[in-house]
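Asker: There's a structure below that I have some questions on.
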Amino acid sequence: MSFTFIASAADWGRIAPELVLAIFALLILLTDLLLPQAGKKGMKAGDGGNFIVLPVLSLVGLAGALAASIILFNFGDYLPAFNHMIGSDPGTLYAYFIILTASALGILLSPAYLKRLNLLHQGEYYALMLLGTVGMMIMVAATSFLTIFLGLEMLSLALYILCGFVMRRATSRESSMKYFLLSSFASAILLYGIALTYGATGSTSFAGISNYLLHRADLLHLLPGAHVPAPTLLLIGMGLLMVGFAFKVSAVPFQAWTPDVYDGAPAPVTAFMSVGTKAAALIAFARVFAIVFAPISNDWMPVVWAITVLTIVVGNILALAQSNVKRLLAYSSIAHAGYLLIGVVAGGTVGLSAILFYLFCYAFLNLGAFGIVSVLERADNSGSNLSDLRGLWYRQPLLAGLLAFFMLSLAGFPPMAGFAAKYYIFYAALQSGHPELLIIGVLASVLGMYYYLRVIAAMFMEKEAAAHTAGVATSVPTRPAPVSGRRVNSGKPGNNAAATAVAVKPPTAPLSKEKTSVVAEKALERPVVIKGWTTWAALGITVAGTLLMGTALAYWLVNLAVYAVGVMMRVM
Amino acid sequence: MGLTLNHFLVLGALLFCIGLYGALAKRNAIAVLMGIEIMLNAVNVTMVGFSFFNKVKPYSTYLTGQIFAIFIITVAAAEAAVALAMIISIYRKRSTVDVGEINMMKW
């Protein structure tokens, strides 16, 4: 039997979104060379317009990829490209929307953060963000284990570097190191699982594997319909695959890396990876187990069920003990991975569409919450402790209000997207005959409300510290401080721009002159402000998205997801 | 007595276990990296063995496993490059690459 592998022009069209993004990643690297270099002597980050040109270029790339996905969604033929290597079905394209949203919001949050931390090498930063996005999209679209592996490695390599991007911060270096060691270890286990599955079924493409599973009886010359136990090799391979995927989605026995990596990484990167990686790994997980291995679901279902329950319960319980919002969100993301795994257990159209809809809502919620964290975060990774947030409502009502909004939404309060997402995933559990998952999930959500509300309580209710800070603020008001600073520094009234520039800087020098208490110095060390139109845009989009997804768009998006998954399961 | 599939599989499994031991038990980050590389190479041996002895009909003429091994080698090289850069950056700041001492963040 001879075979010819032909890549037609239509195949390239089917992967147009990835191509557009990859080209823009290279363009960004090139543009970075042409721009006046921020790293040169005497120039600070921010000189040379890198803060406008590079993010805008990457946003244009993301918009192009989004446009290509929408065109494929409406006019594409949904067929897998490159000989069953990579799919272009509506389920995949729906997942592209999620990943592109997460990436765009992450990039919108970046410029202000990079400027504040005075980080150089922005060309690499944005190029790696885009390449990581491409890796996620390839992993989501994969219809072969080879493509899953390549996408996984592509996103991991980009994220290893991005996690360690704040070179001078020890926790950032540590987080990238930990992420690398644990993630590549998990990749090796996943690969061994792929090798054994390949040995058992003779193919690495999903079409070949499901063909083998459906026609096992014929292949072994047994009667059609006879019960054939899955070969031991395949069982071991599936077990290893499950370990590898559980690592990537940070399900519970393998969750230990998540809080450390999320904590140390720069906040916009954490925001991006917490949604993007989760979406990529979970959809690949669902595709492999709930679609390809569906004929032998009796063999893997109990294990995935146990992982799901463990993840929901342990993720929520460990989050209770956290005193840092960034780590708290990391543990909450573990708990959310548990809710998402319910969709894999439920399986079928309803389960998979619930996963897609949940991830879409989660992208807005989580990026909003991490967006606020990125505004709060200081260069040495402090600023997001609960003690720092105490009485934030009395200092920064807008910031506190937004954080409270996202926390309530993550907890699953009705008008927001968190509720709609949870509702649909629990509905899927009930529909597929798993009422026990519904009960465990709801009880764990109630437990989860404790730690989300604790953050809100710290911001709004801790009158003690708030009164203290407010008292200091009246004696040393925040506004006049820069004025006095300007007088001390120059003695001449500067222009407006200089005044705002001073207002942004930590006014510690004038404060120490006025002999205020240490507490006041700490409170006013760096006035937390939302800076930059991109940050405003990102927060606006997340708020709008959170509200709309929970109310007006929920029904439409769920129906779209059901349609997309229906076609995806038929085409594969 | 020729080379059979079992030879490949046993060699692959042994290498995988050696790599697993190295990745879990070693304290030096570079030794952990070497353990992970050995695990990846164990996968290569297994892949090539399965590809060579593939009996499932339409796929037995394909070279999927061997091509997969080439992809793994490429990715492993990229991973090693990133990992060594990270290890150097940590060594410069802390003068140690002991994974037990990289523990600023816990729980």
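Asker: Give all pairs with beta carbons closer than 8 Å in which a residue from region A:17-29 that is charged (D, E, K, R) meets a residue that is assigned to a helix (DSSP H, G or I); count only pairs at least 6 apart in sequence or on separate chains.
Answerer: As it stands, the answer is A:18/A:65; A:18/A:134; A:18/A:137; A:18/A:138; A:18/A:141, since those pairs meet every condition given.
Asker: Out of B:16, B:8, report the one residue that is more than 8 Å from every other protein chain (Cβ to nearest Cβ) and more than 22 Å from residue A:151 (Cα to Cα). If you could, list the steps in order and put the result at the bottom.
Answerer: Working: B:16 fails: more than 8 Å from every other protein chain (Cβ to nearest Cβ).
The conditions single out B:8.
Asker: Another question, if that's okay. Can you say whether residue A:200 is open to solvent by 10 Å² or more (accessible area, probe 1.4 Å) and touching a Pro at 6+ places or on another chain (Cβ under 6 Å), as far as the supplied structure shows?
Answerer: Details: open to solvent by 10 Å² or more (accessible area, probe 1.4 Å): yes; touching a Pro at 6+ places or on another chain (Cβ under 6 Å): yes.
Yes; evaluated as a whole, the condition is true for this residue.
Asker: Scan region A:310-331 for residues that are more than 14 Å from chain B (Cβ to nearest Cβ) and in contact with a Gly (Cβ under 7 Å, 6 or more places away or on another chain) and report the count. Show your work before the answer.
Answerer: Residues of region A:310-331 more than 14 Å from chain B (Cβ to nearest Cβ): A:310-313, A:316, A:325, A:329.
Filter once more, keeping what is in contact with a Gly (Cβ under 7 Å, 6 or more places away or on another chain): A:311-312, A:316.
Within region A:310-331, residues that are more than 14 Å from chain B (Cβ to nearest Cβ) and in contact with a Gly (Cβ under 7 Å, 6 or more places away or on another chain) number 3.
Asker: Return the residues of region A:106-146 that are within 14 Å of another protein chain (Cβ to nearest Cβ) and within 18 Å of residue A:29 (Cβ to Cβ); say none if nothing qualifies.
Answerer: A:121, A:124, A:128, A:131, A:132, A:135
Asker: Within region A:305-332, can you find the residues that are open to solvent by less than 40 Å² (accessible area, probe 1.4 Å), of a type in the set (A, V, I, L, M) and more than 13 Å from residue A:259 (Cβ to Cβ)?
Answerer: Once the filter is applied, which keeps residues that are open to solvent by less than 40 Å² (accessible area, probe 1.4 Å), of a type in the set (A, V, I, L, M) and more than 13 Å from residue A:259 (Cβ to Cβ), region A:305-332 yields A:307, A:309, A:312.
Asker: Within region A:254-270, can you find the residues that are more than 16 Å from residue B:102 (Cβ to Cβ), under 15 Å from the mean Cα position of the chain (by Cα) and not β-branched (Val, Ile, Thr)?
Answerer: From region A:254-270, those more than 16 Å from residue B:102 (Cβ to Cβ) are A:254-255, A:258, A:262, A:266-270; that's our starting set.
Applying the additional criterion that residues be under 15 Å from the mean Cα position of the chain (by Cα) yields A:258, A:262, A:266-270.
Those that are more than 16 Å from residue B:102 (Cβ to Cβ), under 15 Å from the mean Cα position of the chain (by Cα) and not β-branched (Val, Ile, Thr): A:262, A:266, A:267, A:268.
Asker: Scan region A:158-186 for residues that are free of Cβ contacts under 8 Å to residues at least 60 places away in the same chain and in contact with an Asp or Glu (Cβ under 7 Å, 6 or more places away or on another chain) and jot them down.
Answerer: Of everything in region A:158-186, just one residue is free of Cβ contacts under 8 Å to residues at least 60 places away in the same chain and in contact with an Asp or Glu (Cβ under 7 Å, 6 or more places away or on another chain), namely A:184.
Asker: Tell me which residues, restricted to region B:87-98, are surrounded by fewer than 18 Cβ atoms within 10 Å (Cβ to Cβ) and facing chain A (nearest Cβ under 10 Å).
Answerer: Applying the first criterion (surrounded by fewer than 18 Cβ atoms within 10 Å (Cβ to Cβ)) to region B:87-98 yields B:88-89, B:91-96, B:98.
Across region B:87-98, the qualifying residues are B:89, B:92, B:93, B:94.
Asker: Can you tell me which residue among B:25, B:29 is of a type outside the set (Asp, Glu) and facing another protein chain (nearest Cβ under 10 Å)? Explain how you work it out, then say what you get.
Answerer: On the way: B:25 fails: facing another protein chain (nearest Cβ under 10 Å).
B:29 is the lone residue from the list that is of a type outside the set (Asp, Glu) and facing another protein chain (nearest Cβ under 10 Å).
Asker: Okay, moving on. Please state which one of A:369, A:354 is among the small types (Gly, Ala, Ser), in contact (Cβ under 8 Å) with a residue 24 or more places away in the chain and more than 16 Å from residue A:326 (Cα to Cα). It would help to see each step written out before you state the result.
Answerer: On the way: A:369 fails: more than 16 Å from residue A:326 (Cα to Cα).
Sole residue among the options that is among the small types (Gly, Ala, Ser), in contact (Cβ under 8 Å) with a residue 24 or more places away in the chain and more than 16 Å from residue A:326 (Cα to Cα): A:354.
Asker: Next question. From the residues in region B:72-86 that are facing another protein chain (nearest Cβ under 7 Å) and either buried (at least 17 other Cβ atoms within 10 Å of the Cβ) or polar (S, T, N, Q) (or both), which one is farthest from the chain's Cα centre (by Cα)? Write out each step before concluding.
Answerer: The initial filter retains those residues of region B:72-86 that are facing another protein chain (nearest Cβ under 7 Å), namely B:72, B:75, B:78-79, B:82-83, B:86.
Among the residues that remain, those that are also either buried (at least 17 other Cβ atoms within 10 Å of the Cβ) or polar (S, T, N, Q) (or both) are: B:72, B:75, B:79, B:82-83, B:86.
On the way: B:72: 9, B:75: 10, B:79: 11, B:82: 15, B:83: 13, B:86: 18 Å.
Once the filter is applied, the top-ranked residue is B:86.
Asker: Suppose the filter is closer than 17 Å to residue A:64 by Cα and of a type in the set (Ser, Thr, Tyr); does residue A:143 pass it? Please lay out each step first, then the result.
Answerer: On the way: closer than 17 Å to residue A:64 by Cα: no; of a type in the set (Ser, Thr, Tyr): yes.
For residue A:143, the condition - closer than 17 Å to residue A:64 by Cα and of a type in the set (Ser, Thr, Tyr) - is not met.
Asker: Looking at the structure I just gave you, is residue B:39 at the interface with another protein chain (Cβ under 7 Å from one of its Cβ atoms) and modelled with pLDDT of 95 or more?
Answerer: Values: at the interface with another protein chain (Cβ under 7 Å from one of its Cβ atoms): yes; modelled with pLDDT of 95 or more: yes.
Taking the combined requirement at face value, the residue satisfies it.
Asker: Can I ask one more? Can you confirm whether region A:363-373 contains a residue that is more than 22 Å from the chain's Cα centre (by Cα) and open to solvent by 10 Å² or more (accessible area, probe 1.4 Å)? First the steps, then the outcome.
Answerer: Residues of region A:363-373 more than 22 Å from the chain's Cα centre (by Cα): none.
There is no residue in region A:363-373 that is more than 22 Å from the chain's Cα centre (by Cα) and open to solvent by 10 Å² or more (accessible area, probe 1.4 Å).
Asker: If you go through region B:19-35 one residue at a time, how many are part of a helix (DSSP H, G or I), open to solvent by 30 Å² or more (accessible area, probe 1.4 Å) and touching a residue at least 24 places away in the same chain (Cβ under 8 Å)? Before the answer, list the steps.
Answerer: We begin by selecting, within region B:19-35, every residue part of a helix (DSSP H, G or I); these are B:19-25, B:29-35.
Keeping just the survivors that are open to solvent by 30 Å² or more (accessible area, probe 1.4 Å) gives B:20-21, B:24-25, B:30, B:34.
Those left that are additionally touching a residue at least 24 places away in the same chain (Cβ under 8 Å): B:30.
So the answer is 1.
Asker: Give the number of residues within region A:404-416 that are open to solvent by less than 50 Å² (accessible area, probe 1.4 Å) and farther than 16 Å from residue A:448 by Cβ.
Answerer: Residues in region A:404-416 being open to solvent by less than 50 Å² (accessible area, probe 1.4 Å) and farther than 16 Å from residue A:448 by Cβ: 1 in total.
Asker: Taking region A:147-182, which residues are open to solvent by 10 Å² or more (accessible area, probe 1.4 Å), more than 7 Å from every other protein chain (Cβ to nearest Cβ) and aliphatic (A, V, I, L, M)?
Answerer: Answer for region A:147-182, where residues must be open to solvent by 10 Å² or more (accessible area, probe 1.4 Å), more than 7 Å from every other protein chain (Cβ to nearest Cβ) and aliphatic (A, V, I, L, M): A:154, A:182.
The values are calculated or read from the model by the stated rules, or taken from the named source; none is laboratory data. Computed from a predicted model, the values in this text were never measured in an experiment. Note that we place each Cβ from the backbone using ideal geometry, even for glycine, and neighbour counts take in every protein chain shown. Side chains included, ligands, DNA and RNA excluded: accessible areas come from the protein's heavy atoms. Shrake-Rupley method; radii C 1.70, N 1.55, O 1.52, S 1.80 Å.
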